[in-house]
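This report refers to the structure that appears directly beneath it.
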Amino acid sequence: MAPAGSRREVVLGVSGGIAAYKAVEVLRQLTESGHGVTVVPTESALRFVGEPTWAALSGRPVASDVFAAAHEVPHVRLGRAADLVLVVPATADLLARAVVGRADDLLTSTLLTATCPQVFAPAMHTEMWEHPATRANVATLRERGGLVIEPASGRLTGADSGPGRLPDPLEIAAIARSVLDRSLAAKDALSWDDLAGRHVVVSAGGTREPLDPVRFLGNRSTGRQGYAIARAAAMRGARVTLVSANVELPEVAGVSIVRVETASELEAAVVAAAQDCDAVVMTAAVADFRPLQHQTTKIKKIDDADPEPLKLTRNPDVLAGLVESRESAGAQVRRPVIVGFAAETDDVLRHGREKLRRKGCDLLVVNEVGEGRGFAVDHNTAVVLSADGAEVAITDVSKDLLAHQLWDLINERFVH
Ligand code: CTP
């Protein structure tokens with residue numbers, strides 16, 4: 001549930017595509033987060049999913065007709081009350097109607113009256129998505145400040161496959177929450193393309209160092225903070241490479257994922273992606289040591305014998321290595337902003353400042369973990385330490401909002 005005071009009003013617009021059935025799950029996610037949701041389906045959307053489904057799951061009457069309850073002037077009322085208008089799925093036709101400012105049904109009329117953030121989750125066949133008309137419509141909506149989610153690639157209706165698939169409903173709901181969190185905290189008008197033209201690399205999750213074919217040394221990192229950081233960058237227009245170590249979360253919309261298991265694999269993937277990037281954010285919990293020997297067959301217990309002590313060897317320090325190669329590359333190449341994370345259990349700031357010096361990165365996000373803090377929780381408190389001495393406290397915010405605030409700090413450090 002959303003914390004008290006953070007219940008928001010969402011208009012969920014549904015246009016007429018087969019992916020309308022997936023908007024049902026987006027609705028459930030948003031109502032379960034405690035938000036009030038009014039569903040505004042187009043006439044053709046109602047041919048895919050009927051009015052009773054939307055009414056039952058939102059707990060509200062379904063608004064689809066400008067002339068129903070005309071005395072309430074519904075398109076103005078809905079548009080004014082909304083904190084977010086989210087269109088799932090957005091068909092090629094809906095995008096086109098939004099671009100030309102048509103007001104031929106309640107959803108398009110609401111898009112014209114709403115001044116809150118507007119998010120479109122397109123879903124259509126690849127040919128329609130790649131058509132110059134749709135490309136131009138998407139560009140126009142983005143120029144006007146709308147957030148258009150990149151569709152996923154994969155199986156479409158029928159036998160074909162390619163870009164145009166609706167992203168995972170859980171991911172669309174996560175984007176909606178991220179927009180709400182950022183816009184609720186913002187004092188000024190927000191840009192959703194301030195990272196356009198940037199390539200950023202984010203590592204997330206926790207590495208696993210195999211002992212034998214069935215056992216490994218690992219850690220409790222869930223990857224949620226790293227995924228929120230990748231999501232926030234993609235939402236703001238960056239090209240994102242997400243190096244993901246053993247994370248069980250839905251794919252982040254619009255990012256390229258490279259899956260790794262061990263620290264060495266993570267190092268290779270991060271170094272390769274960082275060749276032409278503007279920022280690297282290392283949220284992954286990287287094992288400092290790995291077993292000296294990786295047995296190729298399962299280690300057996302031998303009755304009555306004591307186990308052999310585990311012999312470990314050092315893993316590369318990926319973050320320190322990135323800083324070192326940046327310094328040795330000199331001024332002529334692109335110099336990425338390098339950001340580390342540190343989870344500490346005690347004397348957090350002292351350890352953080354010392355770690356920032358030791359690693360040489362530009363920013364270090366330090367948070368306290370243990371006893372319900374940090375790992376596997378939704379809210380996070382952190383201090384961002386900067387190599388120039390600045391310290392910014394980010395207190396009790398969602399992982400999504402922390403991600404946006406971190407990108408604000410990184411964006412200030414880009415050479416514009
Ligand atoms: N990191 C890394 N490679 C490693 C270990 C850590 O790149 N082998 C990165 C992490 O991704 C993180 C930062 O370094 O961004 C700090 O990680 P942490 O484990 O706190 O640092 P350590 O140097 O291992 O310090 P500690 O002795 O506290 O474990």
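The values are calculated or read from the model by the stated rules, or taken from the named source; none is laboratory data. Note that the structure is a prediction, hence the values are computed from the model and not measured. Cβ placement follows ideal geometry from the backbone for every residue including glycine, while neighbour counts extend to all protein chains displayed.
Checking residue 144 against (1) surrounded by fewer than 21 Cβ atoms within 10 Å (Cβ to Cβ); (2) out of contact with any Leu (no Cβ under 7 Å at 6 or more places or on another chain); (3) under 26 Å from residue 168 (Cβ atoms), only one condition comes out false. Which one?
(3)
Under 6 Å between Cβ atoms, which residue pairs at least 6 apart in sequence (or on different chains) link something in the stretch 324-350 that is aromatic (Phe, Trp, Tyr) with a partner that is within 14 Å of the ligand (Cβ to nearest atom)?
Here the result reads 341/283; 341/365, each pair linking the stretch 324-350 to a residue that is within 14 Å of the ligand (Cβ to nearest atom).
Among the residues of the stretch 45-88, what is the count of those that are touching a Pro at 6+ places or on another chain (Cβ under 7 Å), within 27 Å of residue 137 (Cβ to Cβ) and not polar (S, T, N, Q)?
5
From the residues in the stretch 303-328 that are of a type in the set (A, V, I, L, M, F, W, C) and modelled with pLDDT under 95, which one is surrounded by the fewest Cβ atoms within 10 Å (Cβ to Cβ)?
Checking each candidate, the answer is 305.
State whether one or more residues within the stretch 261-275 are in contact (Cβ under 8 Å) with a residue 40 or more places away in the chain, outside any helix (DSSP H, G or I) and more than 13 Å from the ligand (Cβ to nearest atom).
yes
State yes or no: is residue 23 surrounded by fewer than 24 Cβ atoms within 10 Å (Cβ to Cβ), touching a Pro at 6+ places or on another chain (Cβ under 8 Å) and not in a loop (DSSP other than H, G, I, E, B)?
For residue 23, the condition - surrounded by fewer than 24 Cβ atoms within 10 Å (Cβ to Cβ), touching a Pro at 6+ places or on another chain (Cβ under 8 Å) and not in a loop (DSSP other than H, G, I, E, B) - is not met.
Can residue 56 be described as surrounded by fewer than 16 Cβ atoms within 10 Å (Cβ to Cβ), of a type in the set (A, V, I, L, M, F, W, C), at negative phi and free of Cβ contacts under 8 Å to residues at least 40 places away in the same chain?
yes
In the stretch 207-224, which residues are crowded, with 21+ Cβ neighbours inside 10 Å and small (Gly, Ala, Ser)?
Scanning the stretch 207-224 gives 221, 223.
Counting residues that are of a type outside the set (Asp, Glu) and more than 15 Å from the ligand (Cβ to nearest atom), which helices (runs of 4 or more DSSP H) fully inside the stretch 302-416 reach at least 2?
Hits in the stretch 302-416: 318-329, 399-413.
Select, from 377, 383, the only residue that is modelled with pLDDT under 95, more than 18 Å from residue 184 (Cα to Cα), hydrophobic (A, V, I, L, M, F, W, C) and in contact with a helix residue (DSSP H, G or I) (Cβ under 9 Å, 6 or more places away or on another chain).
377
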